[in-house]
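Here is the structure we will look at.
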Amino acid sequence: MKNDRKKEFGFTLVEVAVVLMIAGVVVAFTVPGITSSMRTYRLNSAARQTIDMLKRAKTEAVSSSNKAGIAVDLAGRRIGVVKYKDDGVTVDRIDFVPLPDGVEFERPEKESAPPDGTDADSIVSFGFKEGFYRQDFNSRGFPTVASGADVVSIFLGNGKDYRAITMSSVGGIRTYRLEQYSWVNTRSKNPEASSDSDQGSDQGSGKGQGKSGDNPGKGPKK
C-alpha cells in the first residue's frame, strides 16, 4: 500500500516578508495622496460654506425687509449669519458655524497680486464691531459698502492651499484659488480674471451705505 502523506499548506517567512514589504511600499505612496486630498476637500468645503453664509445673509435681509449680515470670528475659526431686531440696529442673534478641521481664515505669505478689487493685506475686508468682523447687507440684499467699486473679501487656507471669496457691491460672488502665487478665478480658469456673470448685470448700480466698521480684518499672514 502506498503511504499517503497530507500536504501542508502555508507561507514561509521569506514570502511573508515580501508581502509586507510590498504592502508597505503601497501604503507609503497612497497615504500622502489621501491626506492631501482630504486637506483640499476640507478647504473647498470651507469655501462653499462661506459662500452659503453670504447667500443666507442676503436672503435673510431681503425676506425680512431688514438689515442682516455675516460675522467672522478669526480666532474661533467660525462664520455666522447676523440677524437684527426690527430696529435694524440691535443684534438679535448670530448663527455661527465652525470651519472644517485644518482650515483657517488666512492668506498666503506670497502672492503676485491680490484678487480683483481686494487689498494686499486683509484676511477679511470688513470692519471689527462688537467682538467680530462684520459685514452688513441692506434690505435689498446688497452689502453696505462705501462705494460701488468696493469688494467684500474673505480668505481661507490650510497652510498650503488657499481660497479667496469675493462679493461685489451688487452681490456677485467669485471664488479664487492660489496657483504658483497667482489667484485664479475658478470659473474662468485664468489668473486674476473675472466672469461677467459672477458680478451681476448691474455692476455699476450698487450704491453703498457706509462700511460696517473701520478696521478690516488684517491679522497675520500665515
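The values are calculated or read from the model by the stated rules, or taken from the named source; none is laboratory data. All figures in this text were calculated on a predicted structure; none of them were measured in a lab. Here the Cβ positions follow ideal geometry from the backbone for every residue, glycine too, while neighbour counts run over all protein chains shown.
Between residues in region 177-195 that are over 18 Å from Ser45 (Cα atoms) and residues that are in a loop (DSSP other than H, G, I, E, B) and modelled with pLDDT under 50, which pairs lie under 6 Å by C-beta distance while being six or more apart or on different chains?
Every condition considered, the pairs that remain are Trp183/Glu192; Ser188/Ser195.
On the basis of being free of Cβ contacts under 8 Å to residues at least 12 places away in the same chain, over 21 Å from Asp52 (Cβ atoms) and not in a strand (DSSP E or B), does Asp121 make the cut?
Values: free of Cβ contacts under 8 Å to residues at least 12 places away in the same chain: no; over 21 Å from Asp52 (Cβ atoms): yes; not in a strand (DSSP E or B): yes.
Taking the combined requirement at face value, the residue does not satisfy it.
Can we say Asp136 is buried (at least 19 other Cβ atoms within 10 Å of the Cβ) and of a type in the set (D, E, K, R)?
Numbers: buried (at least 19 other Cβ atoms within 10 Å of the Cβ): yes; of a type in the set (D, E, K, R): yes.
So Asp136 fits the description; yes.
Kindly establish whether Ser112 is assigned to a loop (DSSP other than H, G, I, E, B), surrounded by fewer than 16 Cβ atoms within 10 Å (Cβ to Cβ) and in contact with a strand residue (DSSP E or B) (Cβ under 8 Å, 6 or more places away or on another chain).
Working: assigned to a loop (DSSP other than H, G, I, E, B): yes; surrounded by fewer than 16 Cβ atoms within 10 Å (Cβ to Cβ): yes; in contact with a strand residue (DSSP E or B) (Cβ under 8 Å, 6 or more places away or on another chain): yes.
Against the criterion (assigned to a loop (DSSP other than H, G, I, E, B), surrounded by fewer than 16 Cβ atoms within 10 Å (Cβ to Cβ) and in contact with a strand residue (DSSP E or B) (Cβ under 8 Å, 6 or more places away or on another chain)), Ser112 qualifies.
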